[in-house]
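K.L.:
Supplied in structure tokens, the structure appears directly below.
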Amino acid sequence: MGIEYNDFKPDFMLQSHDHMMILDIEHTCSIDGSIPPNEREIIELGAVVVDIKSLEIIDEFSALVKPQRNPEISNFCSQLTGITQSELDNSDDFKTVFSDFLHWYPKTSKVLFATWGSYDLVQINIDCEFHNLQHFSPDTVFNLKKAFKVVNKLKKPVGLSRALELCQCEYEGNHHRALDDARNTVKLLPYILSNPKAFIDKV
């Protein structure tokens, strides 16, 4: 179920792609560990498509997902994300939402698939396996969290909120909401792509 993230080659990325699609997910969780990692389920999927040259958002996708293994989310999960049980009860299941996402997802090799960290694709494929769907593996995937660490010469990777603080960027929206996290990730792109020659082959 492992996902191979591509080494970051800035020249290749900037010259070979017209757009970047940044995806973020929220999943079921519990403070007491009652939901093991391999039984987590996506409860929200959000994504933005960004023009590589202007770094402007040109399209968005957002949907809540009704969990199946553990239909009732924990109070901890609800408080963390702000997502309510009633919202999920009135949402579509993963199979339907992911089908909608794939129809929305631009069908071109000129789109670079990106996430903040490597877990989002792992969780997508946990859900794909549970729902007997085909493994999801984009041709080119880019770990923005890892690239941010290299560019800014940090000792270890940092979370999205901390990265925004380091760049003196304000978070807009609600923390731990998929679309808001994806939108705020866009703010960090100038701090990753501004000097690509400096970190070729280091990621």
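The values are calculated or read from the model by the stated rules, or taken from the named source; none is laboratory data. Source: prediction; values computed, not measured. When we count neighbours, we look across all protein chains shown, and the Cβ atoms used for this are built from the backbone with ideal geometry, even at glycine. Ligands, DNA and RNA are excluded from the accessible area calculation, which covers all protein heavy atoms including side chains. Shrake-Rupley method; radii C 1.70, N 1.55, O 1.52, S 1.80 Å.
K.L.:
I'd like the residue in segment 189-200 that is outside any helix (DSSP H, G or I) and closer than 13 Å to ILE52 by Cα and, out of all such residues, is modelled with the highest pLDDT.
P.N.:
Ranking the candidates gives LEU189 first.
K.L.:
Also: If I ask for residues that are closer than 26 Å to LYS110 by Cα and either among the acidic types (Asp, Glu) or open to solvent by less than 70 Å² (accessible area, probe 1.4 Å) (or both), which ones from segment 175-187 would you list?
P.N.:
Within segment 175-187, ALA178, LEU179, ASP180, ASP181, ALA182, ASN184, THR185, VAL186, LYS187 qualify.
K.L.:
In segment 166-186, which residues are closer than 15 Å to VAL151 by Cα and assigned to a loop (DSSP other than H, G, I, E, B)?
P.N.:
CYS167
K.L.:
Could you list, in sequence order, all residues of segment 66-90 that are open to solvent by less than 50 Å² (accessible area, probe 1.4 Å) and touching a strand residue (DSSP E or B) at 6+ places or on another chain (Cβ under 7 Å)?
P.N.:
PRO67, ILE73, THR81, ILE83, LEU88
K.L.:
Now, a different point. For segment 134-174, what are the residues that are among the polar types (S, T, N, Q), open to solvent by less than 60 Å² (accessible area, probe 1.4 Å) and at pLDDT 95 or above?
P.N.:
Answer for segment 134-174, where residues must be among the polar types (S, T, N, Q), open to solvent by less than 60 Å² (accessible area, probe 1.4 Å) and at pLDDT 95 or above: just SER161.
K.L.:
Are there any pairs with C-beta distances below 9 angstrom linking a residue in segment 124-150 that is closer than 22 Å to SER109 by Cβ to a residue that is part of a strand (DSSP E or B) and open to solvent by 20 Å² or more (accessible area, probe 1.4 Å), with the two at least 6 apart or on different chains, and if so which?
P.N.:
none
K.L.:
Quick one: which of LEU55, LEU64, LEU88 is of a type in the set (A, V, I, L, M) and farther than 20 Å from ILE35 by Cβ?
P.N.:
Being of a type in the set (A, V, I, L, M) and farther than 20 Å from ILE35 by Cβ holds for just one of LEU55, LEU64, LEU88, which is LEU55.
K.L.:
Being of a type outside the set (Phe, Trp, Tyr) and open to solvent by 30 Å² or more (accessible area, probe 1.4 Å) is true for just one of ASP93, ASP127, ASP120. Which residue is that?
P.N.:
ASP93
Residues checked against (1) among the polar types (S, T, N, Q); (2) within 23 Å of LEU80 (Cβ to Cβ):
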residue: SER99; (1), (2): yes, no
residue: PRO106; (1), (2): no, no
residue: VAL111; (1), (2): no, no
residue: HIS135; (1), (2): no, no
residue: PHE142; (1), (2): no, no
residue: LYS145; (1), (2): no, yes
residue: LYS149; (1), (2): no, no
residue: ASN152; (1), (2): yes, no
residue: HIS176; (1), (2): no, yes
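K.L.:
For segment 30-65, how many residues meet the condition of being of a type outside the set (Val, Ile, Thr), farther than 16 Å from ASP93 by Cβ, open to solvent by 20 Å² or more (accessible area, probe 1.4 Å) and at pLDDT 95 or above?
P.N.:
5
K.L.:
Among the polar types (S, T, N, Q), under 21 Å from ALA182 (Cα atoms) and in contact (Cβ under 8 Å) with a residue 60 or more places away in the chain: is that true of SER62 in this structure?
P.N.:
Judged against the criteria, SER62 is a match.
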